[in-house]
Each structure stands twice: as structure tokens, then as C-alpha cells.
């Protein structure tokens, strides 16, 4: 009934072409953990991007005119600004050093998820091209290696409207529904719930962050004991259509 | 190293004047759990509101002119609309049946947290007047009864900008900092982190929701094994000043 959030230790530095399913299966085994069908593996975007070669050498980026302007006015490296713009569908806000955008996937975050942390000097990482597909690939690979198919969630750390601080969000999902939908069910008093539809993959992403930290090299977390909603959902299902968004 | 999210079962229906510290201590004891100093107790707003008498009989609410207009145009009970307006500092968005507001605490959520679920017919609940004070009171009470003072987080379930579905957020905090601040620390590659400041109380709130459900009557969750950031923080510290909010 209790839920366990277990950091997978011993994941090495990831390089382009590495097989994450193999590396995760090996790390779990070395830790004495046998993967179960109803487990959930929460994988940090950074290692997925590295394995998929979504790393860019800054010296090879030619900034556009707009990127150079952003560089000058926002104290950014114009090559980084260019990399961000290439990942961007729409700019939501730009002020001082902050550049909040809607990515080509439809997610809203700072710098389109372009990031320096835990990557070699002179390089940046981009978000995976299709994080839902990345999650499915890891899940299929784990199925082939271990014989069981846990749900897989890929996460990144983003700021939010209205609230300070960042939390981890789901950007890719495989093997479960992103939502636990209570609509039509009854509460303890027999009232029918009309609006309650919980984004459980975001809650699982947030829960996993608590044992990952940012500086200790724990990019994968096993969540055990959560009876997740079945389904073939995607993190892209979480994107709220603009015309339905009253929270802005 | 792993983190456990443990539902406290056997919490009875809560009424005005009930001592939540006593009830939580009793429930933990009956479940064979001895509270530890570094435990975190995550408490659903609904039982705090009930214990504090933040329950309103709809028949006793006289709707204002604006509330009657909202009632007519948004298919709401005008008495509910009035109760919402009395809790509201600012209306963020109103469309069809959705009324998103900034509460008098400064939090942004639907209907100012006014809610029908798990309360008797003809009544609604309001958010606690000062949820940070409510959390401190529960913590102090637990300290007196058990001799240890866990951190306490009070939570509610809200929608978000940009993303569909709701997640649980922290609305009251006692005994810890709401943030794990990495700014100034170094990543695995030796780069200094400049922006990373994780809203861990929101992540803990989200994690706890996973074992609460909405229909099973689990309003309190024990989180064990999380090395939370020390401090005397409040959930109100999470409110982002308007002029710094580029996420809207």
C-alpha cells in the first residue's frame, strides 16, 4: 500500500548511442532490484538527450540576427539563443535573462529545455525530438532484456506560472495513462466528482525528483507500489489547448 | 536512501473543533508507525478546513448582485459564487463554468478552493484562513503528544497553466524550507548552477497525492526518508510576484 521511490545508483555518464534500456536493467540488477511489471521507471531528460545525440557544440552554431539581439540585450551567449530559437514554436515571455517559450512539442519552459548542466564545456543539450517515442523505446528495450515492461516517464525540471521554484514534469510517457480520471466517480459522501482528473505522471515526475537531486548523479528512479492507470497515453496529452487555459 | 510514501488509514470523518494532531498521532500509532523527527506529514486541506470550522451552510449565504450574475451566466449556484467571491482577491479568468481566481492568500486556483466534495449536502468548505499557521499548529500539537516534531505540509488539488489535469500543491508548511536551493552549487561537471531552486514542498504534496486518491478517505500521508531542507519556511513564500512571472 505504501509507495517506494528508489534511486538507481551506479548509472555511468551517458554518451551518444548508449542503450539506456541495457544500462537501466544493469543498474537495477547491480542494486539487487528485479524489475516488476507494475514498476515505473522515471528517467531524466538529460541522459535521454545524450544517448540520442541531442547535444550541440556551441562553436558550430551560427546565430541569426534575432539571436544576436537576444544575446546583446539578455546577457546570453548568442549561440545559445540561436539553439533555443531553433527549438521554439512561440515565445511566451522575455525579460532580463529569462526566456520562456513554447517548445515545438508544445511544452512551456525556460530556454526550450536547452541546458548546460551535466554536459561538457562548450556543449549544450536539447530536449529529445519526441520524448514519448523515447519513453516507448526504453520500455520496449527493457521488455526485451528483462521480460517485463514497466511504465516509463521521461522528466525535465521547469518553472511554473504563479509559483516560485521549479518542479519536475513529465515530458514523455509510455505504458500508462498520464491521468487518473475520477470524473463520474463518487466521493465519501456519495457526491459525483465532475472535474477531478489528476495528472499523475506529473506527480510521479515530481516524486522522483526528490531522490534525484541535481548534483549527485541519479538520473533514474524506480517507483514501486503505485497502481498506475492503464492506458497507452503520452505526455503530449497533457498539453492544454490555449483556448481552454484560464490559468494565465 | 529510498523514500516511502505511507498512507495513514483509519482517520475518521473530521468535525469542527477536532484536534488534528491528536487524531494523526492516534492513527499513526494504530498503524504501528512511530513518528520520527525527520518525518513529513502531508495533510489534505479538507480536514484542516473542517476542523477549523471553515464550512459554510449555503442557505445562510446571501448572494451579491455580481454573484447572482455569475450564477446565471456560468451555471453556478449564486450562493456558491458569493462564497467564492468572498475568498477572492482577483479574478484571473472566467469562461463557461470555470472561475479561476487569486485567493486572499495569493494562491491561484479554481473557485478559490471552495469545494463540495466530502462535505455534507448543503454545505461547502473554504480554505483555511492561514494554512501556514494551521500547519504550525498541527506540528506543535504533534510535538506535545509524541515528543517529536515532523515537518507538516497542507495540500490542495489544483489545475495549472499550460497543462491539463490537476496535481496537489502545498498551501501550508511548517518545520522545513519550501525550497531545495542548488544555486551556487556545482553539477557533476563542475559547472555552477545559477537558477535551480526546487519547490520541494510542491513535489512532496504531489507525491503524497498518489496514495491519497479522492474517494478512499486517506487525508493524511507520512513521507519518510526525505532529507528535507531545514528552515522556517511558509507556503506563502512560493507565491511568485506578478512582475517576475513570465509564465503567463
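Values quoted throughout were computed directly from the atomic coordinates according to the rules given, and no laboratory measurement underlies them. Quick caveat, the model's predicted, so the values are computed rather than measured. We place every Cβ from the backbone using ideal geometry, glycine too, and count neighbours over all the protein chains shown.
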Q: With no solvent and one equal point scatterer per Cα, compute the Debye intensity ratio I(q)/I(0) for the protein assembly as shown at 0.07, 0.09, 0.11 Å⁻¹ and report its log10, rounded to two decimals.
A: -0.37, -0.62, -0.93
Q. In nm, what does the list of distances from residue B:98 to its counterparts in the other copies look like, shortest first, when each label sits 7 Å along Cα to Cβ?
A. 2.2
Q | Cβ-based exposure ranking for A:134, A:64, in which fewest neighbours within 10 Å come first | A | A:64, A:134
Q: Could you order peptides B:90-102, B:42-54, A:96-108, A:150-162 by the average number of other Cβ atoms within 10 Å of their residues, highest first?
A: A:150-162, B:42-54, A:96-108, B:90-102
Q.
Relative contact order for the range B:106-230: what percent, with Cα pairs under 8 Å and sequence separation of 6 or more?
A. 18
Q. Among A:73-79, B:187-193, what's the highest-first ranking by average C-beta atoms within 10 angstrom per residue?
A. A:73-79, B:187-193
Q) What residue among A:142, A:204, A:36 shows peak mean-square fluctuation when chain A is described by a Gaussian network model with Cα springs under 10 Å? A) A:36
Q: Distances from residue B:227 to the same position in the other copies: list them in nm, one decimal, shortest first, using label points 7 Å from Cα along Cα→Cβ.
A: 3.4
Q. Would you list B:16, A:62 from fewest to most Cβ contacts within 10 Å?
A. A:62, B:16
**Q.** Helical mean residue ellipticity (222 nm; -39500 (n - 2.57) per DSSP H run of 4+; nearest 500) of chain B
**A.** -8000 deg cm²/dmol
Q) Which ordering of B:244, B:87 is given by a fewest-first count of other beta-carbon atoms within 10 Å? A) B:244, B:87
Q: Take the Cα of residue B:244, step 7 Å along the line toward its Cβ, and report every residue of the range A:78-120 whose backbone nitrogen sits under 14 Å from that point.
A: A:96-98
Q) Considering only chain A, what is the antiparallel percent among its DSSP beta bridges, to the nearest 5? A) 85
Q: Between residue A:75 and residue A:145, take the C-beta separation as r, use R0 = 56 Å, and let me know the FRET efficiency to the nearest 0.05.
A: 0.75
(Q) Using a 10 Å cut-off around each Cβ of peptide A:104-117, what is the average number of partner chain Cβ atoms that fall inside? (A) 2
Q | Nearest-first distances (nm) between copies at residue B:32, label 7 Å from Cα via Cβ | A | 2.1
Q. So if we plug the beta-carbon distance of residue B:120 and residue B:18 into 1/(1 + (r/R0)^6) with R0 = 22 Å, what FRET efficiency do we get, rounded to 0.05?
A. 0.90
Q: Whole Å is fine, so just give me how far the alpha carbon centre of the range B:7-68 lies from that of the range B:190-237.
A: 19
Q. For residue B:33 and residue A:181, what is the calculated FRET efficiency with R₀ set at 35 Å and r taken between the beta-carbons, to the nearest 0.05?
A. 0.65
